[in-house]
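Let me begin by presenting the structure, written as structure tokens, before commenting on it.
Readers should treat all values here as calculations from the given coordinates under stated rules, not as data from a laboratory. Predicted, not measured: the structure shown is a model, and the values here were computed from it. Glycine gets a Cβ as well: all are built from the backbone with ideal geometry, and neighbour counts include every protein chain shown.
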Amino acid sequence: MAFRDRESLAAGMALALLAGIGVGAYLARLAGPRETVEQSLSGIDDALLRERVRRAMATALGDPSGVHVRVRDGRVILRGPARPTLIEEIVACATRVPGVRAVENRLSPNG
């Protein structure tokens, strides 16, 4: 679960204390098994996001081995050769992955 802002997180922690739940248990419930609170506040880890993009491309398009995926601060850069008929779908596939903020298409048609 992503927090909209730090104030919402702080308010939730205060309510957890008042309810006697404990801040640690509250944060663990919110963060879930794959995220830390820091990741929730700042976005998904770039390495995890890269893997999710590659997995989504493999599921939708088959073998994406020729496509190089780089992620920085949730922004995805796609490079490498690709069939011209698939470039639009590759970009769309990366765009649909939760956590992706933007996709820069540097793919080159390989004919």
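Things worth noting here:
- In Hz, Karplus ³J(HN,Hα) per residue of segment 48-63 (6.51, -1.76, 1.60; θ = phi - 60°; x = Gly, Pro): 5, 5, 4, 5, 5, 5, 4, 5, 5, 5, 5, 5, 7, 10, x, 7
- Bridge type composition, segment 46-109 - antiparallel percent by DSSP, nearest 5: 40
- Karplus (6.51, -1.76, 1.60) ³J(HN,Hα), θ = phi - 60°, over segment 83-89, in Hz, Gly and Pro reported as x: 5, x, 6, 9, 4, 4, 5
- Relative pair counts by distance (%), Cα atoms of segment 51-105, 10 Å bins: 26, 65, 9
- Here each label is just a point 7 Å from Cα along the line to Cβ, and for residue 105 and residue 75 those points are 1.8 nm apart.
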